[in-house]
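J.: Just dropping this structure here.
Readers should treat all values here as calculations from the given coordinates under stated rules, not as data from a laboratory. Keep in mind the model is a prediction, meaning the values are calculated, not measured. A quick note on method: Cβ atoms are made from the backbone with ideal geometry, for glycine too, and the neighbour counts reach across all protein chains shown.
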Amino acid sequence: MKVLVTGVSGYIGSHAALELLRAGHEVAGFDNLSNSSEESVRRVRELAGKPLRFERLDLLDAPALTRLLREGWDVVLHFAGLKAVGESVEKPELYRVNNVSGSENLLAAMDAAGCRRLVFSSSCTVYGEVKKNPVDESHPRAAANPYGRTKLDIEDLCFARAAKDPAWRVALLRYFNPVGADASGRIGEDPRGAPNNLMPFVMQTAVGRRDKVRVFGNDYPTPDGTCLRDYIHVTDLALGHLAALDRLDSFAGAQAVNLGTGHGSSVLEVIRAASRAAGRDIPFEIAPRRAGDAAAIWAEPALARAKLGWRAARGLDAMCADHWRWQKANPSGYAS
Ligand code: WQD
């Protein structure tokens with residue numbers, strides 16, 4: 001298929017583009033490069049041994065977006081967006097304009113071009129305060145922070161479009177905690193500044209860029225007192241998108257599907273697994289809880305298995321081994 005990828009130079013977008021090319025799709029992508037580097041696109045081309053057209057373009061540039069969509073695409077995979085929870089609390093309007101208005105522009109440009117097949121990068125953040133684990137797609141949605149609000153609003157834009165026009169086929173893929181890297185070690189996660197997320201911080205500590213990991217609280221009602229999360233290998237996540245793309249005809253309108261392993265791992269388990277992968281003890285200290293953290297959240301993955309014929313294949317050790325291979329080979333990310 002002829003696939004257009006938004007946010008193609010980002011962490012998830014670049015891994016999805018690689019797997020799309022490996023599966024034989026024709027792929028083009030764009031990004032505004034506000035939080036990523038075009039180097040990732042160059043490496044995806046090298047790894048796939050195939051062409052990957054790249055355009056520097058912003059979702060807020062509606063005329064340029066309309067021109068690009070008018071070229072005709074079979075499906076759009078939409079990853080572009082700001083995604084730092086903490087930053088979204090400080091700059092809610094920036095997140096609303098960039099993520100929600102930008103997505104509105106994309107949907108309008110798709111509609112004008114007659115392309116109504118979309119796979120959207122949503123997030124388990126839309127579930128807000130977790131009522132019960134494992135979390136399935138019927139769990140109530142709530143905005144826990146401005147970032148989560150944008151994901152929820154974009155889902156609603158998709159639901160509204162599909163309700164008005166049955167020609168729309170939209171897979172709303174709700175990610176849990178993406179970690180890891182392509183097994184080549186050539187592409188991976190490269191957050192700007194000090195990482196907010198656990199795995200990149202742990203791996204940057206392992207490679208010597210950070211002194212120690214601060215564990216945000218060990219007094220939670222969990223087996224070892226630290227928070228549980230459903231970490232999912234970014235390659236499994238990318239393959240989940242290919243499965244959704246292949247089965248988009250079975251989506252009546254817009255439908256949500258969780259992409260998770262169905263297993264919760266603790267912060268200390270992650271640090272231990274990363275230490276095994278790096279072959280060294282990764283220093284950490286117990287620090288105060290981080291505001292807004294849920295004690296535990298992990299996915300019920302049954303719908304993804306039933307509807308997409310997909311399940312996560314890689315466990316925590318593989319996630320850490322692959323993330324470490326990327327970090328060791330690229331201590332300063334794409335800049336190195
Ligand atoms: C995981 C656990 C922290 C850093 C976020 C987004 C969510 C999704 C995934 C995009 C928590 C603990 C973390 C550190 C720590 N992203 N931690 N020390 O908050 O579950 O989810 O990423 O869709 O939208 O909210 O991920 O990696 O920040 O935290 O102890 O230095 O690690 O307290 O328990 P989170 P995270």
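J.: Enumerate the amide H contacts of VAL257 below 5 Å, restricted to partners 5 or more residues apart or on another chain; note that Pro and chain-start residues carry no placed amide H.
T.: Sorted by chain and number, the residues that satisfy this are LEU172, LEU173, ARG174.
J.: A further question on this structure: Hey, how much of the P(r) for the range 78-237 falls beyond 21 Å, as a percent of Cα pairs? Walk me through the numbers before you get to the answer.
T.: Numbers: 7107 of 12720 pairs.
Everything past 21 Å amounts to 56 percent.
J.: Rounded to whole Hz and in sequence order, give me ³J(HN,Hα) for the range 92-100 from the Karplus expression 6.51 cos²θ - 1.76 cosθ + 1.60, θ = phi - 60°, writing x for Gly and Pro.
T.: x, 5, 4, 5, 5, 5, 5, 7, 7
J.: Moving to a separate point now. Using amide H atoms built 1.01 Å from N in the peptide plane, name the residues 5+ places from VAL135, or on other chains, whose amide H lies under 5 Å from its own.
T.: Sorted by chain and number, the residues that satisfy this are TRP298, ALA299, GLU300.
J.: Quick check on the chain: helices-only [θ] at 222 nm, where DSSP H runs of length 4 and up contribute -39,500 (n - 2.57) each and the sum goes over total residues. Nearest 500, please. Please report the intermediate quantities before stating the final value.
T.: Details: 11 runs with 118 residues, N = 336.
Helix-only estimate at 222 nm: -10500 deg cm²/dmol.
J.: Can you give me the angle between helix 234-246 and the longest principal axis of the chain, using Cα atoms only, in degrees from 0 to 90, rounded to the nearest 10?
T.: On a 0 to 90 degree scale, this one is about 20.
J.: Of LYS131, LYS83, LYS307, which has the largest mean-square fluctuation in a 10 Å C-alpha GNM of the chain?
T.: Fluctuation is largest for LYS131.
J.: Now for a separate question. Build a GNM of the chain with springs between Cα atoms under 10 Å: which of VAL179, VAL130, VAL202 gets the top mean-square fluctuation?
T.: VAL130
J.: Label points 7 Å out from Cα along the Cβ direction at ALA142 and LYS50: separation in nm?
T.: Inter-label distance under the simple model: 4.4 nm.
J.: Through the Karplus equation 6.51 cos²θ - 1.76 cosθ + 1.60, θ set to phi - 60°, convert the phi angles of the range 149-165 into ³J(HN,Hα) values in whole Hz; use x for Gly and Pro.
T.: 4, 5, 5, 5, 5, 5, 4, 5, 4, 5, 4, 5, 4, 5, 5, 7, 9
J.: Output ³J(HN,Hα) for the range 122-131: one whole-Hz value per residue in order, computed from phi by the Karplus curve 6.51 cos²θ - 1.76 cosθ + 1.60 with θ = phi - 60°, and x for Gly and Pro.
T.: Working through the residues one at a time gives 9, 8, 5, 4, 5, 7, x, 5, 6, 8 Hz.
J.: Angle between the Cα long axis of helix 102-112 and the longest principal axis of the chain, 0 to 90 degrees, nearest 10?
T.: The two axes meet at around 30 degrees.
J.: Which percent, to the nearest 5, of DSSP beta bridges fully inside the range 212-302 are antiparallel?
T.: Working: 2 of 8 bridges.
Of the beta bridges lying entirely in the range 212-302, close to 25 percent run antiparallel.
J.: State the answer as a single residue: which of ALA295, ASN330, PRO178 lies farthest towards the positive end of the charge dipole of the chain, with beta carbon charges of +1 for Lys and Arg and -1 for Asp and Glu, about the Cα centre.
T.: ASN330
J.: Still on this structure, please answer the following. Relative to the compact globular guide of 2.2 N^0.38 Å, what is the alpha carbon radius of gyration of the chain, as a ratio?
T.: Values: Rg = 18.9 Å, N = 336, 2.2 N^0.38 = 20.1 Å.
The reported ratio for this selection is 0.94.
J.: Right, something else. Roughly what angle does helix 11-22 make with the longest principal axis of the chain, taking Cα atoms, 0 to 90 degrees, to the nearest 10?
T.: The helix 11-22 is inclined about 60 degrees to the chain.
J.: Straight-line reach from LYS212: which lysines fall under 26 Å, measuring Cα to Cα and dropping same-chain residues less than 8 apart?
T.: Filter leaves LYS83, LYS328.
J.: Give the long-range amide H neighbours of ALA80: residues separated by 5 or more places, or on another chain, with amide H under 5 Å away, using H modelled in the peptide plane at 1.01 Å from N.
T.: The list, which skips near neighbours in sequence, is THR6, GLY7.
J.: If you don't mind, another one. What dipole magnitude, in Debye to the nearest 20, does the chain give about its Cα centre under +1 on Lys/Arg Cβ and -1 on Asp/Glu Cβ? Write down the numbers at each step before the final one.
T.: Numbers: 43 positive and 40 negative charges, 75 e Å.
My answer is approximately 360 debye.
J.: Something else: Where the convex hull is taken over the Cα atoms of the range 124-217, what is its projected area averaged over directions, in nm²? Display every interim value, and only then the final one.
T.: Values: hull surface 36.5 nm².
Mean shadow area of the hull around the Cα atoms is 9.1 nm².
J.: Bin all alpha-carbon pair distances of the range 225-303 at 5 Å intervals from 0 and give each bin's fraction as a whole percent.
T.: The percentages, shortest bin first, are 3, 12, 16, 19, 16, 13, 9, 6, 4, 2.
J.: Projected onto the charge dipole of the chain (+1 at Lys/Arg Cβ, -1 at Asp/Glu Cβ, origin at the Cα centre), which of ALA64, LEU228, SER14 gives the Cα projection farthest towards the positive end?
T.: Result: SER14, furthest along the dipole toward the positive end.
J.: For the range 18-122, what does the equivalent ellipsoid look like in terms of its semi-axes, each the square root of 5 times an eigenvalue of the Cα gyration tensor, given largest first in whole Å?
T.: Numbers: eigenvalues 110, 70, 28 Å².
Gyration-tensor ellipsoid for the range 18-122: 23, 19, 12 Å.
J.: What residue among GLY13, GLY264, GLY292 shows peak mean-square fluctuation when the chain is described by a Gaussian network model with Cα springs under 10 Å?
T.: So, out of GLY13, GLY264, GLY292, the one fluctuating most is GLY292.
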